[in-house]
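Notes follow the structure.
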Amino acid sequence: MTYLSSTQAIPNVSSVPRHIAIIMDGNGRWATKRFLPRVAGHAKGVEAVRTTIEACIERGVEYLTLFAFSSENWRRPPEEVSVLMRLFVTALEREVAKMHANDIRLKVIGDLSRFDVHLQRLIANAERRTAGNSRLTVTVCANYGGRWDIMQAVGKMVASCPGASSFTEEQLAPHLAMAYAPEPDLFIRTGGEERISNFLLWQLAYTELYFTDTFWPDFDRQALDRAIASYCERERRFGRTSEQLTEQKKASGC
Ligand code: IPE
Ligand code: IPE
Ligand code: MG
């Protein structure tokens with residue numbers, strides 16, 4: 001199913017965010033603070049992923065999207081990049097059976113062609129195996145960049161409409177890498193930085209943004225609940241006035 005864009009139709013808003021997207025930042029600083037190598041922070045970060053997935057299931061979140069490796073992270077020292085790749089492989093080897101047993105669908109988005117063949121095969125198998133699951137969709141963004149996503153979608157859109165010289169949002173949207181999910185309701189960035197770092201540029205148009213100083217390895221159920229509580233206090237107007245929202249609530253009797 002393709003979801004309507006927030007700029008085309010006003011989405012339904014519920015107290016539990018349907019879709020949470022997270023920039024898992026601060027692994028390196030978590031480790032450095034403890035006089036550990038940066039990679040120890042990445043290893044600990046995998047545990048926080050596990051906890052967050054469980055917490056999302058308990059709270060009824062339907063989509064969880066995790067920024068694991070950006071298209072710019074190749075600029076890091078080669079040793080750190082190779083540890084991150086190894087961690088990704090191990091996590092897939094260890095966790096996919098458990099995810100499948102818990103009715104979790106796994107998706108991986110990004111330019112996967114740059115990964116080694118073994119990793120590409122693991123990803124394809126994991127996606128195939130969990131494709132029919134419906135309790136929670138976990139999307140891992142790997143070698144992902146928001147600009148890459150828009151450009152690859154534009155390329156596919158243009159190829160699918162030969163000769164066309166103007167296009168609409170509705171024509172582009174189905175080609176975006178996460179077309180299977182509604183736009184995120186809540187964006188969380190851990191680690192204290194307040195930037196998007198080329199994450200979901202198109203899809204965050206009307207997402208509520210939440211930044212916390214907590215380093216990703218320390219992110220737990222309480223930290224997630226704080227983010228959701230902040231989300232619940234927001235008034236999502238999607239361009240309308242506050243008065244219009246009050247009127248709408250009165251009319252619908254809630
Ligand atoms: C996020 O933590 C993990 C990845 C980018 C892969 P960092 O490694 O960026 O941690 P800091 O920001 O250096 O603390
Ligand atoms: C963003 O974190 C990417 C991921 C968490 C995967 P970075 O740590 O790479 O972001 P910048 O470079 O500080 O913006
Ligand atoms: Mg960082």
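Derivation of every value follows stated rules applied to the coordinates shown; laboratory data play no part. On a predicted model such as this, the values are computed, not experimentally measured, just so you know. With ideal geometry, Cβ positions are generated from the backbone for all residues, glycine too; neighbour counts draw on all protein chains shown.
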For this session: State which stretch of the chain is the longest one without any exposed GluC sites (Glu not before Pro), exposure meaning a DSSP loop state and at most 14 other Cβ atoms within 10 Å.
Result: 73-192
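Count neighbours as other Cβ atoms within 10 Å of each site's Cβ, and list the chymotrypsin sites (Phe, Trp or Tyr not before Pro) in region 152-218 that are DSSP loop with at most 16 such neighbours. Don't jump to the answer; show the numbers that get you there.
Working: sites: F167, Y180, F187, F199, W202, Y206, Y210, F211, F215; in loops: F167, Y180, F199, W202, Y206, F215.
Passing sites in region 152-218 are F167, Y180.
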Exercise. Setting aside same-chain residues fewer than 8 positions from K250, which aspartates and glutamates have a Cα under 18 Å from its Cα?
Worked result: E235
Problem set entry | Gap separating the Cα centres of region 91-144 and region 188-249, nearest whole Å | 26 Å
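Could you compute the FRET efficiency for E169 and A251, with r as their C-beta to C-beta distance and R0 at 35 Å, rounded to 0.05?
According to the calculation, E is roughly 0.80.
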For this session: Of the DSSP beta bridges with both residues in region 19-252, give the percent that are antiparallel, rounding to the nearest 5.
Result: 0 percent
Problem set entry | Under the Karplus curve 6.51 cos²θ - 1.76 cosθ + 1.60, θ = phi - 60°, whole-Hz ³J(HN,Hα) for region 70-82, x wherever Gly or Pro sits | 8, 5, 8, 5, 5, 6, 6, x, x, 5, 5, 4, 6
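Listing H42, H118 from the residue with the fewest other Cβ atoms within 10 Å to the one with the most, what is the order?
H118, H42
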Problem set entry | Neighbour-limited loop hits for trypsin sites (Lys or Arg not before Pro), region 198-246 (at most 13 other Cβ within 10 Å; DSSP other than H, G, I, E, B) | R234, R237, R240
Exercise. So what is the calculated 222 nm ellipticity per residue for the chain, using -39500 (n - 2.57) for each DSSP H run with n of 4 or more, over all residues, to the nearest 500 deg cm²/dmol?
Worked result: -14000 deg cm²/dmol
Seminar exercise, completed: For region 183-242, averaging the sequence separation of alpha carbon pairs under 8 Å that lie six or more residues apart and dividing by its residue count, the contact order in percent is 38 percent
For this session: Would you mind working out the magnitude of the charge dipole of region 92-134 relative to its Cα centre, with +1 at each Lys and Arg C-beta and -1 at each Asp and Glu C-beta, to the nearest 20 Debye?
Result: 80 debye
Exercise. What is the fewest-to-most order of L92, L106 by other Cβ atoms lying within 10 Å of their Cβ?
Worked result: L92, L106
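Round to the nearest 0.05 the FRET efficiency obtained for L4 and Q152 when R0 = 30 Å and r is the Cβ-Cβ distance. All intermediate terms of the calculation are to be shown ahead of the outcome.
Values: r = 21 Å, r/R0 = 0.71.
Once the sixth-power term is evaluated, E becomes 0.90.
What size of dipole, in debye to the nearest 20, comes out for region 1-145 about its Cα centre when the only charges are +1 on Lys and Arg C-beta atoms and -1 on Asp and Glu C-beta atoms?
Working: 20 positive and 14 negative charges, 43 e Å.
For region 1-145, the charge dipole is close to 200 debye.
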